[in-house]
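The values are calculated or read from the model by the stated rules, or taken from the named source; none is laboratory data. Every value quoted in this text rests on a predicted model; they were computed, and no experiment measured them. Note that each Cβ is placed from the backbone with ideal geometry, even for glycine, and that neighbours are counted across all protein chains shown. Heavy atoms of the whole protein, side chains included, go into the accessibility calculation; ligands, DNA and RNA do not. Shrake-Rupley method; radii C 1.70, N 1.55, O 1.52, S 1.80 Å.
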Amino acid sequence: MASCFSMTRVFLAFLVVASSLGHVFSSPLLSDSGDRQRANHTKEIQKLKLKLRRINAYLNKINKPAFKTIQASSFSANYCARLGFFPSAACSPDGDVIDCVLSHLQPAFDHPALQGQKPHFVQEDPPERPKGYKYTEAVAESESFQLWADSGESCPEGTVPIRRTRQKDILRASSITRYGRRHVRRDSTGSSHEHAVAFVKEDEYYGAKAILNVWAPRVSNEYEFSLSQIWVSPELYGDNSPRFFTYWTTDAYRATGCYNLLCSGFIQTNNKVAIGAAISPTSSYNGRQFDIGLMVWKDPKHGNWWLELGSGILVGYWPAILFSHLRSHANMIQFGGEIVNSRSSSSGLHTSTQMGSGHFAQQGFGKAAYFRNLQRVDWDNNLLPITNLRLLADHSNCYDTTQGRNNLWGTYFYYGGPGRNVRCP
């Protein structure tokens with residue numbers, strides 16, 4: 001978004017200068033400063049044009065040909081056109097465009113390790129779900145968590161829904177190479193990233209499962225984010241809508257990995273879930289609470305790491321060939337919240353970006369966000385409750401955690417906070 005604003009200022013400056021140039025040209029003499037000013041603006045425009053050409057080339061690479069584009073009946077074609085969509089596309093209620101892409105054309109198969117070897121790496125049979133996990137296929141098929149699906153349309157069999165990346169998405173990033181990627185590790189040392197998490201470690205983990213409370217926290221500015229997530233690791237979009245996202249890396253964020261399907265690797269198998277699309281409904285303070293189940297685990301038959309949403313919706317998997325450490329197992333599982341505090345080094349004041357519900361953990365149900373029914377998958381593909389949970393809050397006066405256990409929720413914890421407050425200036 002910052003780059004987008006910068007682009008707007010460049011164009012406005014150019015128009016103002018062009019407007020005043022008529023008076024300059026009417027004078028028989030032209031000052032050196034005027035020449036330099038025009039030359040500088042010309043360079044700026046050339047740089048902008050070059051940037052936009054690179055962005056469009058990148059968009060052509062990552063946006064795959066659509067077999068079908070979802071058209072939401074909620075909005076007219078004219079309304080969508082005003083938002084900058086192509087005439088053949090339509091916008092869903094959350095402003096997203098969903099392209100139905102043929103499965104064999106999805107970004108996963110751009111990965112060097114998967115190119116030309118699709119038949120070998122595509123897992124045709126369903127994964128072996130962990131023992132002790134009960135789900136109802138009929139319930140899973142009827143579940144809908146995403147706004148774009150409210151249009152009543154879906155992607156045909158043999159295709160996968162992919163949220164279309166647009167020019168304004170790229171302009172929000174500082175550069176094309178940084179778009180969709182993290183360039184920091186998941187720790188807070190010397191970083192503007194802050195966490196309030198629960199975790200287990202010092203064992204071998206083959207998967208994790210939890211139910212997450214869904215909120216729409218307020219984010220202070222376009223440079224920040226607030227998210228809730230599950231990390232399964234070896235030990236080494238411009239709006240306020242909560243979104244279902246994935247991120248993967250093979251080297252602790254150093255050089256590999258990306259959000260959602262913005263780089264090749266994750267193979268999507270589901271034609272009803274769009275990774276990166278908005279989630280609905282969300283919880284309200286002292287009102288109705290909504291949560292959603294997530295599970296990631298290693299299929300013992302093939303070694304691929306599968307992702308499941310809700311009550312048994314298989315989204316897809318990361319092929320085992322992508323990983324080195326995770327090809328065997330994980331040594332740590334983390335659940336919880338993360339925000340970016342962009343003000344820490346500039347103003348000295350803490351951000352007011354909320355985590356979770358925006359309220360501290362001690363406020364409990366209906367007020368604070370939670371993770372419940374925390375479980376792990378062991379070496380024999382058994383789904384077991386987590387018992388040795390530890391808590392960590394980087395800045396507990398800003399965001400904190402508290403845990404508990406009961407028969408209904410199993411192991412659970414509350415987390416979050418408002419950010420800047422009297423105890424977190």
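Within segment 398-413, if we keep just the residues that are open to solvent by 40 Å² or more (accessible area, probe 1.4 Å) and part of a loop (DSSP other than H, G, I, E, B), the residue that is nearest to R288 (Cα to Cα) turns out to be L408. The set of residues in segment 410-425 that are more than 23 Å from the chain's Cα centre (by Cα) and under 10 Å from Y399 (Cα atoms) comprises R420, C424. Checked against the criterion of being touching a Lys or Arg at 6+ places or on another chain (Cβ under 9 Å) and among the hydrophobic types (A, V, I, L, M, F, W, C), the candidates F365, F335, F360 yield just one match: F360.
Summed over segment 368-397, the residues that are more than 25 Å from the chain's Cα centre (by Cα), open to solvent by less than 50 Å² (accessible area, probe 1.4 Å) and not charged (D, E, K, R) give a count of 5.
What do you reckon, is R178 surrounded by fewer than 18 Cβ atoms within 10 Å (Cβ to Cβ), modelled with pLDDT of 85 or more and farther than 29 Å from V377 by Cβ? No, not satisfied. Of all residues in segment 408-423, those satisfying the criterion of being within 22 Å of Q229 (Cβ to Cβ) and of a type in the set (A, V, I, L, M, F, W, C) are W409, F413.
Reported count of residues in segment 90-140, each being outside any loop (DSSP other than H, G, I, E, B) and either modelled with pLDDT of 85 or more or surrounded by 12 or more Cβ atoms within 10 Å (Cβ to Cβ) (or both), is 17.
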